[in-house]
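**Student:** Here you go, one structure.
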Amino acid sequence: MLNWHLWNAVKYTEIPYYKPDEIVHLQANYLNVQNVEYYLFAGDMFNDFQKTKNYFEKLNTLITGKAYFIADNHDMLKNITFTELENNNISDFYLHNAYIDIPNTDWRIIGNNGWYDYSFSPTLTEDEIKRWKNTYWIDAGIKQPMSDNEREQLVLQQSRQQFELAKQAKKKVIFITHFVPNSKVLWSKPATLKSDKEIRIFKMVNALLGSQHLGKLIQDYPEIKYVFYGHVHGWHEPFQIAGTTYLNQAVGVRKKKRKYHEWQKYTFMDQWKYRMNIINI
């Protein structure tokens with residue numbers, strides 16, 4: 001289970017790096033050695049859906065198991081439409097609004113790209129957030145036929161339907177989504193933020209990270225044993241709510257000219273291995 005910015009890792013690092021075609025073979029070899037049967041990816045690879053799709057189709061030709069992905073906001077920037085994103089038939093390995101039953105077990109993997117509805121920043125108005133997003137946020141480049149709140153309502157509807165099907169089938173669930181599903185994930189306001197402008201920006205960013213309503217929905221289904229999410233950077237420890245374990249395995253970003261970076265290891269492959277979480281079920 002992982003979430004990583006490959007486009008940052010290969011283009012903007014100041015350390016030795018690998019090209020994507022090298023990485024896919026190195027990852028395949030490691031996954032095969034570890035006997036990984038299902039590799040799940042929670043988004044943030046390229047700023048181009050087609051490149052991500054091609055990567056996973058290539059990876060699946062090299063491994064003995066299966067690798068599945070969902071789309072993130074970066075993937076949605078190029079070579080994909082909203083309608084296409086909602087069609088899980090565009091790739092055998094695209095897991096949005098779809099599920100996989102693990103043979104000879106009572107486990108089911110459910111995927112949904114997710115979205116956001118500003119509910120993490122209730123003191124801001126919808127118009128304020130929309131104006132800020134369209135001016136400063138990368139998602140302004142993503143075309144969609146509805147509002148952010150309406151898109152999140154679609155996510156909730158799809159997820160509820162999938163959870164109900166799993167409940168009826170008496171399945172235990174691993175749920176994979178890109179955007180933040182619970183406010184517990186959010187960073188506390190840094191003490192260094194003093195001015196009204198800084199605090200306002202902090203709230204704006206939180207508004208675009210996910211939805212507290214998805215977290216509430218998840219709590220209605222004890223069948224959901226694991227939630228694997230992405231989007232946020234940094235190190236997030238696993239935590240439990242109502243018997244559900246939440247996992248974030250972000251590899252993180254390491255860029256030139258940054259005073260800080262998010263890696264604990266020197267090379268991308270070492271960082272990727274370090275952040276991988278292998279679950280035995």
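The values are calculated or read from the model by the stated rules, or taken from the named source; none is laboratory data. All values derive from a computational prediction rather than experimental measurement. Note: ideal-geometry Cβ built from the backbone for every residue, glycine included; neighbour counts use all protein chains shown. Keep in mind that these areas ignore ligands, DNA and RNA; they rest on the heavy atoms of the full protein, side chains included. Shrake-Rupley method; radii C 1.70, N 1.55, O 1.52, S 1.80 Å.
**Student:** Only residues that are at pLDDT 95 or above, over 13 Å from Phe175 (Cβ atoms) and over 15 Å from the mean Cα position of the chain (by Cα): list them for segment 207-239, please.
**Tutor:** Scanning segment 207-239 gives Ala207, Gln212, His213, Lys216.
**Student:** Kindly indicate whether Gln153 is of a type in the set (S, T, N, Q), in contact with a Phe, Trp or Tyr (Cβ under 8 Å, 6 or more places away or on another chain) and within 28 Å of Pro238 (Cα to Cα).
**Tutor:** The answer is no for Gln153.
**Student:** Name the pairs: first residue in segment 18-35 and more than 11 Å from Phe268 (Cα to Cα), second residue open to solvent by 50 Å² or more (accessible area, probe 1.4 Å) and not aromatic (Phe, Trp, Tyr), Cβ to Cβ under 6 Å, at least 6 apart or on different chains?
**Tutor:** Matching pairs, first to second residue: Val24/Lys58; Ala28/Leu62; Asn32/Thr64.
**Student:** Out of all the residues in segment 39-54, which are under 21 Å from Ile278 (Cα atoms) and not charged (D, E, K, R)?
**Tutor:** Matches in segment 39-54: Tyr39, Leu40, Phe41, Ala42, Gly43, Met45.
**Student:** Counting just the residues of segment 18-50 that are assigned to a helix (DSSP H, G or I) and within 13 Å of Asp72 (Cα to Cα), which one comes out most open to solvent (accessible area, probe 1.4 Å)?
**Tutor:** Looking at residues that are assigned to a helix (DSSP H, G or I) and within 13 Å of Asp72 (Cα to Cα), I get Gln50.
**Student:** Counting only residues that are more than 16 Å from Gly234 (Cα to Cα), open to solvent by less than 20 Å² (accessible area, probe 1.4 Å) and among the aliphatic types (A, V, I, L, M), how many does segment 161-186 have?
**Tutor:** 4
**Student:** Among the residues of segment 144-160, write down those that are farther than 18 Å from Asn73 by Cα, surrounded by fewer than 16 Cβ atoms within 10 Å (Cβ to Cβ) and in contact (Cβ under 8 Å) with a residue 12 or more places away in the chain.
**Tutor:** The one that is farther than 18 Å from Asn73 by Cα, surrounded by fewer than 16 Cβ atoms within 10 Å (Cβ to Cβ) and in contact (Cβ under 8 Å) with a residue 12 or more places away in the chain: Arg160.
**Student:** Given (1) in contact with a strand residue (DSSP E or B) (Cβ under 6 Å, 6 or more places away or on another chain); (2) open to solvent by 20 Å² or more (accessible area, probe 1.4 Å); (3) more than 14 Å from Ala71 (Cβ to Cβ), where does Phe93 come up short, assuming only one miss?
**Tutor:** Just one mismatch for Phe93, condition (3).
**Student:** If I filter segment 197-250 down to residues being more than 20 Å from Asn112 (Cα to Cα) and aromatic (Phe, Trp, Tyr), which single residue comes out as least open to solvent (accessible area, probe 1.4 Å)?
**Tutor:** Phe239
**Student:** Could you grab me the full set of residues in segment 156-180 that are closer than 13 Å to Gly215 by Cα and in contact with a strand residue (DSSP E or B) (Cβ under 6 Å, 6 or more places away or on another chain)?
**Tutor:** Matches in segment 156-180: Ser159, Phe175, Ile176, Thr177, Phe179, Val180.
**Student:** Also, I was wondering about something else. Kindly check whether there is at least one residue in segment 59-67 that is within 22 Å of Gln157 (Cβ to Cβ), out of contact with any helix residue (DSSP H, G or I) (no Cβ under 6 Å at 6 or more places or on another chain) and not basic (Lys, Arg).
**Tutor:** No, segment 59-67 has no match at all.
**Student:** Oh, and also: Is it true that Asp117 is closer than 16 Å to Leu209 by Cβ and either open to solvent by 40 Å² or more (accessible area, probe 1.4 Å) or out of contact with any Gly (no Cβ under 8 Å at 6 or more places or on another chain) (or both)?
**Tutor:** For Asp117, the condition - closer than 16 Å to Leu209 by Cβ and either open to solvent by 40 Å² or more (accessible area, probe 1.4 Å) or out of contact with any Gly (no Cβ under 8 Å at 6 or more places or on another chain) (or both) - is met.
**Student:** Turning to a different aspect of this structure: Filter segment 120-143 for residues that are closer than 26 Å to Asn79 by Cβ and surrounded by 14 or more Cβ atoms within 10 Å (Cβ to Cβ) and give the result.
**Tutor:** Lys130, Lys133, Trp137, Asp139, Ile142
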